[in-house]
1. Which condition number does K230 fail, the rest of (1) under 26 Å from R168 (Cα atoms); (2) open to solvent by 50 Å² or more (accessible area, probe 1.4 Å) being met?
2. Here are some residues: L49, L80, L96. Which one is at negative phi and within 14 Å of the chain's Cα centre (by Cα)?
3. Within region 173-218, which residues are closer than 22 Å to N254 by Cβ and among the aliphatic types (A, V, I, L, M)?
4. Would you confirm whether or not region 214-221 contains a residue that is in contact (Cβ under 8 Å) with a residue 60 or more places away in the chain, more than 15 Å from the ligand (Cβ to nearest atom) and of a type in the set (A, V, I, L, M, F, W, C)?
5. State which residue is nearest to the ligand (Cβ to nearest atom) when the search covers only region 242-252 and only residues that are open to solvent by less than 20 Å² (accessible area, probe 1.4 Å) and not aromatic (F, W, Y).
6. Quick one: which residue in F138, F146, F213 is at pLDDT 90 or above, in contact with an Asp or Glu (Cβ under 9 Å, 6 or more places away or on another chain) and either surrounded by 18 or more Cβ atoms within 10 Å (Cβ to Cβ) or within 21 Å of Y50 (Cα to Cα) (or both)?
7. Looking only at residues that are hydrophobic (A, V, I, L, M, F, W, C) and within 12 Å of the ligand (Cβ to nearest atom) in region 222-241, which one is farthest from E284 (Cα to Cα)?
8. Can you find even one residue in region 197-209 that is within 16 Å of the ligand (Cβ to nearest atom), exposed (fewer than 15 other Cβ atoms within 10 Å of the Cβ) and over 25 Å from Y304 (Cβ atoms)?
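The values are calculated or read from the model by the stated rules, or taken from the named source; none is laboratory data. For clarity, every value in this text was computed on a predicted model and none was experimentally measured. FYI the Cβ positions are ideal-geometry reconstructions off the backbone, even for glycines, and counts take in every protein chain you see. Remember, those area values only see protein heavy atoms, side chains included, never the ligands or the DNA or RNA. Shrake-Rupley method; radii C 1.70, N 1.55, O 1.52, S 1.80 Å.
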Amino acid sequence: MGWDLKVGEIKSTYITDEDIWKVISNFFSRSYTTMSYKYGFFKTLIENLYNVNEDLELDFNKLFYSFAKINWNLVVHHQLWQSNNKKQASSIQKILEGYCDKYSIPPEWTFDKLDDKVQLEIIKDIKKTGKRYVIGAFYGDTKGLFYEFDRNKEYLKFNLPVYRFLQRHQKMITYLTNYHLALFLEKHNSVPNINYLLTKIENVSKRSSLNPFYQILLKYQENVCFYCRKSLGKKRNASHVDHFIPWSFVQSDNLWNLVLSCPSCNLKKNDNLAEKSFLYQIVERNEHLINSFNPVDIDLFSNYQHEKLVNLYNYSSYNGYIDSWKPKV
Ligand SMILES: [Zn+2]
């Protein structure tokens, strides 16, 4: 079914968790996979779970930003071959390697190091190909249950039961996707072992620097640690940008989930959730940011709602994250 579909409708909204597990298990167990697209696109969807609007829609520009970044980091930064045929690179791989040559970009560069203009050019190109080969194929691979889409209107819309399912099982689904992507790439690349790949894949959507966020937070936030309230001083290394909901869960960097903290709190909190009182504080902090933003920065909060952050907190706790961390005073 369907890689060349122009629109796809949701096949059924009355589905149980069991139905969804079956689709996912089938998705991963297909032995004949020719390209890495489908795994990269699953990672893209997970990364964008909290970027949907109130109708659970995602626009293609957002989606293909993530998809381009993930693929760039796999193809260029990690030099990994993305198809099962050594003589035939995937279209996405060819496009990315083309840009690498065109602008003489050093292969060790990650996507976020590229100039904004070059990034946009790449995203546009990847979107064109992704609209043609990825959106419909993934729709078919997931039996039309995951989302509806329209190639001309450039959006996809999650099926509500699937959306809730992905939130509830986010940690497991992320792990499964990373693992199967690693299995596929291991088959078609010479690498020392699968752990080598897994570590790289786990971090492939991560930014190499949160510095742009630091600059923005500094503009709007008092210069104190969000957790222990100690003054942070002026030196850049005296402050860390902390993911309030751990990055390992949320898998993306959104300003509304980032706070300035002292290095000690950031390191001690590590992969845990701060206790609930901090959730109320970050909700309040976000309210403050929204009210004080310059128009240029307001985009950083597009599709943010307080309920989303509260849900994200509850779902990460549900997924096993320990939610009682607080600084020692
Ligand atoms: Zn602190």
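1. Checking K230 against (1) under 26 Å from R168 (Cα atoms); (2) open to solvent by 50 Å² or more (accessible area, probe 1.4 Å), the one that fails is (1).
2. Exactly one of L49, L80, L96 is at negative phi and within 14 Å of the chain's Cα centre (by Cα), namely L49.
3. Passing the criteria: I173, I201, V204, L210, I216, L217, L218.
4. yes
5. Going through the qualifying residues, I end up with D242.
6. Exactly one residue qualifies, and that residue is F213.
7. Top of the filtered list is A238.
8. no
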